[in-house]
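**Student:** Shown below is the structure under consideration.
The values are calculated or read from the model by the stated rules, or taken from the named source; none is laboratory data. Just so it is clear, the model here is predicted, and its values are computed rather than measured. Using ideal geometry, Cβ is built from the backbone for each residue, glycine included, and neighbour counts are taken over all protein chains shown. Heads up: the accessible areas ignore ligands, DNA and RNA and are worked out on the full protein's heavy atoms, side chains in. Shrake-Rupley method; radii C 1.70, N 1.55, O 1.52, S 1.80 Å.
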Amino acid sequence: MTYATQPEASHFIDGQYVEDDSGAALPVIYPATGETIANLHAATPALVDRALAAAKRAQPAWAALTGTERGRILRRAADIMRERNRELSELETKDTGKPLQETLVADATSGADALEYFGGLAATLAGEHIQLGEDFIYTRREALGVTVGIGAWNYPTQIACWKAAPALACGNTMVFKPSETTPLSALKVAEILVEAGAPPGVFNVVQGYGEVGAGLVDDDRVAKVSLTGSVPTGRKVYASAASGMKAVTMELGGKSPLVIFDDASLEDAVSAAINANFYSTGQICSNGTRVFVQDGIREAFLDRLAERLKGVAMGDPLDEATNFGPMVSARQREIVEGFISQGVAEGARLVAGGGRPEGEGYWIEPTVFADVTDGMTIAREEIFGPVMSVFGFSTEEEALERANATIYGLSAGVFTRDLARAHRFVGRLQAGSCWINTYNLTPVEAPFGGMKMSGVGRENGQVAIEHWSQLKTVYVAMGEVEAPY
Ligand code: NDP
């Protein structure tokens, strides 16, 4: 069965699909072929206003429900997403180009996990009681109000749910703007939430380019902004939110190290390096793109990696045997190709890929550079494509210093059978998410977010509640009020 890719309308506001043809054209391209699969419009300022007004109107009644009631709706939405997983995965594949083999297990399913997890937590929201003799204090955990979510294009469903689930669980309402490159799935999330019982206005979607996002962030009705995107966009959004004293969560880019010691399981380390660089065609913020391999095993690592890369199956992303898809857009492919040329020009040794396979769509081969040095452009800048850089190192101290020598601090991994060394090493890594003997596992139970330029705040885990709610302190006096005169 194939499903329609053209949505009923471009936006979802106040519980229904809404169209406004006067907004700028927003064509949606299937990256595997370059074919246009839907035609949408960006939101006009009037539509953005309508979405924010709907969210503002809906918020008090939504927050007034009990956590159990809100949670039940979120958990029902999770069930619907799982029931519709195949349809949602096919849509995600067409929107992003990611192989169905991936989207079936990593997109709507992880969105459903977030809805289920925060649906469960909603009923546990509570303040505390502090006794002060006869007087006492209690705290109330309250919603922030109207919130804004802005998404990147690599995990459109997951990003919408990672933001909406905790926001809604805490009694906030949301206006979400997907990336203009992948606008389709967030509409499905909105549709499903309404089907699950979310009142109109609780979760709204407006499409648009950067200026639509900027308009949302600037609006006085908004109490919090959560962005998943690049560092340059993060700087702008954070600055604009700061002037309105709005709370923020910033999930930004990375240039994460994956450090492999010579006592590690070589096979597992190679598997992790493949996942950390080529899953989703390398378009993952937490990817371990700087692979440091200890001198004694470096050549063996590269040999085994070359062998394993023979298993890459590029092809029709809707064929479940395909395990490597195209880049999301022509523009993103150009950016990645620019980095590859720079790697060659600066003297890195290209040991795999680097080229464009024949045919339509935005394909690029999985690419590996060896003999990369720390000053090269490909070693310093986030590429956001399937390009692995392999570095040598000799001692633990050296690896640590070089791993941390970056403006980013999103993620890091270490492979070693020496567990004391593993814990010692991650203890000194400057990264929000660290993995020992694996890479890139991000279950909803685990807090996720960056240090340094990679971001502010955390998504997922119980701690996310802190970022989507605020505390009110209430002092209760039991006696008379004393005054000096
Ligand atoms: P961008 O930063 O270009 O865009 C992110 C979102 O912000 C898009 O929806 C974009 O709209 C919007 N936007 C752009 N300008 C503004 C503005 N001035 N005000 C408000 N919103 C704006 O990132 P990409 O979409 O290219 O995604 C790739 C980046 O995202 C990488 O750096 C990657 O590391 C990061 N990322 C981080 C993750 C994390 O959790 N830490 C996860 C996934 C990706 P439009 O697309 O219409 O321009």
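**Student:** Report Arg72's accessible area, 1.4 Å probe, all protein chains in place, as a number in Å² to the nearest 10.
**Tutor:** Its heavy atoms expose roughly 110 Å² to the probe.
**Student:** Based solely on C-alpha atoms, express the radius of gyration and the Dmax of the stretch 247-301 in angstrom.
**Tutor:** Gyration radius and largest Cα-Cα distance of the stretch 247-301: 13.4, 48 Å.
**Student:** Which translational diffusion coefficient, to the nearest whole µm²/s, is obtained for the stretch 221-336 from the Stokes-Einstein equation, given a Kirkwood hydrodynamic radius over C-alpha pairs, 4 °C and 1.567 mPa s? Mind dumping the intermediate values first?
**Tutor:** On the way: Rh = 17.0 Å.
Calculated translational D: 76 µm²/s.
**Student:** Under the rule a/c < 1.5 gives rounded, and otherwise a/b versus b/c splits prolate from oblate, where does the stretch 268-390 land using the Cα gyration tensor? Numbers along the way, then the final one.
**Tutor:** Values: a/c = 1.82, a/b = 1.25, b/c = 1.46.
Oblate, since a/c reaches 1.5 and b/c is not below a/b.
**Student:** Please label the shape of the stretch 344-485 as rounded, prolate or oblate, based on the square roots a ≥ b ≥ c of the eigenvalues of the alpha-carbon gyration tensor (a/c under 1.5 means rounded; beyond that, a/b larger than b/c means prolate, else oblate).
**Tutor:** Values: a/c = 2.96, a/b = 2.16, b/c = 1.37.
Verdict is prolate for the stretch 344-485.
**Student:** Heavy-atom accessible area of Trp468 with all protein chains present, probe 1.4 Å, nearest 10 Å²?
**Tutor:** For Trp468, solvent-accessible area is about 0 Å².
**Student:** Taking the dipole about the Cα centre of the chain, with the C-beta of Lys and Arg at +1 and of Asp and Glu at -1, give me whichever of Val225, Ser469, Val105 is farthest to the positive side.
**Tutor:** About the Cα centre, the residue reaching furthest to the positive side is Ser469.
**Student:** Round to the nearest 10 and give me the degree value, 0 to 90, for the angle of helix 108-122's Cα axis relative to the longest principal axis of the chain.
**Tutor:** So the helix axis and the longest Cα principal axis differ by about 40 degrees.
**Student:** Could you do me a favour and compute the accessible area per residue for the chain, 1.4 Å probe, result in Å²? Don't skip to the end; give the middle numbers.
**Tutor:** Working: 19280 Å² over 485 residues.
With the other protein chains kept in place, the chain gives 40 Å² per residue.
**Student:** Grab the eigenvalues of the alpha-carbon gyration tensor for the stretch 135-234, scale each by 5, take roots, and send me the semi-axes largest first in whole angstrom. Let's see the in-between values first.
**Tutor:** Numbers: eigenvalues 119, 59, 28 Å².
Working through the eigenvalues yields semi-axes of 24, 17, 12 Å.
**Student:** Distance between Cα centroids, the stretch 465-485 to the stretch 83-133: provide it in whole Å.
**Tutor:** Answer, in whole Å: 36.
**Student:** Rounded to the nearest 20 debye, what is the charge dipole size of the stretch 172-265 about its Cα centre when +1 sits on each Lys and Arg Cβ and -1 on each Asp and Glu Cβ?
**Tutor:** 260 debye
**Student:** Relative contact order, percent, of the chain when contacts are C-alpha pairs under 8 Å separated by at least 6 residues? Don't jump to the answer; show the numbers that get you there.
**Tutor:** Values: 1135 pairs, mean separation 88.7, N = 485.
It rounds to 18 percent for the chain.
**Student:** Taking 7 Å along the Cα-to-C-beta vector as the label spot, tell me the Ala24-Glu142 distance in nanometres, rounded to one decimal.
**Tutor:** The modelled label-to-label distance comes out at 3.8 nm.
**Student:** If only Cα atoms are counted, what is the Rg of the chain, and what is its Dmax, in Å?
**Tutor:** Calculated on Cα positions, Rg and Dmax stand at 23.5, 88 Å.
**Student:** Against the longest alpha carbon principal axis of the chain, how many degrees, from 0 to 90 and to the nearest 10, is the axis of helix 231-243 turned?
**Tutor:** The angle comes out near 20 degrees.
**Student:** Ignoring everything except DSSP H segments at least 4 long, calculate the 222 nm mean residue ellipticity for the chain; use -39,500 (n - 2.57) per segment, divide by total residues, nearest 500. Please report the intermediate quantities before stating the final value.
**Tutor:** Values: 16 runs with 186 residues, N = 485.
Helix contribution divided over all residues of the chain: -12000 deg cm²/dmol.
**Student:** Would you mind telling me the share, in percent, of accessible area of the chain contributed by carbon and sulfur at probe 1.4 angstrom? Don't skip to the end; give the middle numbers.
**Tutor:** Details: 10010 of 19280 Å².
Here carbon and sulfur together make up 52 percent of the probe-accessible area.
**Student:** Which residues does a label at Ala300 reach in the stretch 358-373, if reach means a backbone N under 16 Å from a point 7 Å past the Cα toward the Cβ?
**Tutor:** Backbone N within reach: none found.
**Student:** What percent do you get for the relative contact order of the stretch 48-142 when only Cα pairs under 8 Å and 6+ apart count?
**Tutor:** So the answer I get is 31 percent.
**Student:** Choose one of Ser329, Gln207, Val259: the residue whose Cα lies farthest towards the positive end of the charge dipole of the chain (beta-carbon charges +1 Lys, Arg; -1 Asp, Glu; about the Cα centre).
**Tutor:** Highest projection toward the positive end goes to Gln207.
**Student:** When Lys and Arg each count +1 and Asp and Glu each count -1, what net charge do the other residues less than 13 Å away from Gly229, Cβ to Cβ, add up to? Please list the in-between numbers first.
**Tutor:** Working: positive: Lys163, Lys177, Arg235, Lys236; negative: Glu180, Glu251, Glu382.
Local net charge: +1.
**Student:** Could you state the per residue volume, in Å³, of the convex hull enclosing the Cα atoms of the stretch 1-56? Could the numbers behind the result be given before it?
**Tutor:** Numbers: hull volume 5.3 nm³, N = 56.
Hull volume over Cα atoms, normalised by residue count, gives 95 Å³.
**Student:** Moving to a separate point now. If one takes the longest principal axis of the Cα atoms in the chain, at what angle in degrees, from 0 to 90 and to the nearest 10, does the Cα axis of helix 266-278 lie?
**Tutor:** Once rounded, one gets 60 degrees.
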